[in-house]
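Following: one structure in structure tokens, then a few remarks.
The values are calculated or read from the model by the stated rules, or taken from the named source; none is laboratory data. The model shown is predicted, which means the values in this text are computed figures rather than measured ones. Here the Cβ positions follow ideal geometry from the backbone for every residue, glycine too, while neighbour counts run over all protein chains shown.
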Amino acid sequence: MANKTSQSFRFLDLPAELRLMIYKLMPNYTFRTRYVKRNSNGDTTSSFTIIRYTAPTAMLATCKMVKNEAEAIILKTTQRLHPIRVNESHIYLMGFITPRIEVDTRALYFLRAEKGPFKKISEWYSRIQTNQHTKFEAAFPTCTYDICSLLTKHGYVMKGGTLEEAARALVNFVRKSGYYFHIRHEGPAWNRIWAITLKKGANVETGTTIALNAFGNSVVNRTSLKVFLVAIHTLSTISAQQESAVRRGIDINQERYLNSGCVLSSSLFFGASHIDERFKEVYDQFWTEGEWDI
């Protein structure tokens, strides 16, 4: 009896068919990290949420056989469809994970700040392409300090976390976003899209058009569309009036860009409206926290 109870389970002794079934059942996970800004009464006046993902990639380091068997399956889980742009005749779907962030329009001013997440992602991605990423790695402590200062200046705190934890999560988001774009560097800019979903804030929001136009200015001030594009989606909590203001802000920004004489179109565009209703399965997988499978 002692010998029987001491026997260990050998995963590789299972038939290959069973191992493949197990790989497919390994959970993937979507994480949401929320940042809030409160007034003197403690009421939330603005918020944004960064979306991050994990896949069971650790198993790829166990041995060559597991890596060869599981790699294609895990890659498939990180290449699921998500909505990019919708018009009257087509729904454009792109098959890859992309950086995502959920915001109210007030938080756009934080994203577009001089040392904010958008500028840091642009810098990091550009460094990778010019083989200067090792230098930027050394600059990450400075990046963390910049993000800490920016969070303090704009009054955002991580829900349930310290200032240091809040900055560290944002810096990791910047790092991973740059790598996502690097992986999909080849091909048109449509392969590299930062997805932003707008939600209704704590109060009835004003200045939506102004906020979108201001954010767009930080997007189009870049010199090439070879970097990445920014898709603006909306949730069902957005009113018809506010969605109209969103579209108007994007249109104004695109017109300004074209009127400047540049031959390129704007990097900012409207994506899909009410994605939590119209693309519920995709939204539940890639925007809400929890496990998902292929």
- Message: Kindly evaluate residue 261 against the criterion of being loosely packed, with under 15 Cβ neighbours inside 10 Å and either at pLDDT below 85 or not in a helix (DSSP H, G or I) (or both).
- Response: yes
- Query: List pairs: first in region 274-293 and free of Cβ contacts under 8 Å to residues at least 24 places away in the same chain, second hydrophobic (A, V, I, L, M, F, W, C), Cβ under 9 Å, 6+ apart or cross-chain?
  - Reply: 283/235; 283/275; 284/292
- Query: Which helices (runs of 4 or more DSSP H) sit wholly inside region 119-188 and have at least 1 residues that are among the hydroxyl-bearing types (Ser, Thr, Tyr) and modelled with pLDDT of 75 or more?
  - Reply: 140-154, 163-183
- For region 205-238, enumerate the residues that are in a loop (DSSP other than H, G, I, E, B) and at pLDDT below 85. 205, 206, 207, 221, 222, 223, 224, 225, 226, 227, 228
- Message: Can you report the number of residues in region 29-43 which are among the β-branched types (Val, Ile, Thr) and modelled with pLDDT of 90 or more?
- Response: 2
- Scanning region 80-118 for residues that are at pLDDT 55 or above, within 16 Å of the chain's Cα centre (by Cα) and not charged (D, E, K, R) gives 97, 98, 99, 101, 103, 107, 108, 110, 111, 116, 117, 118
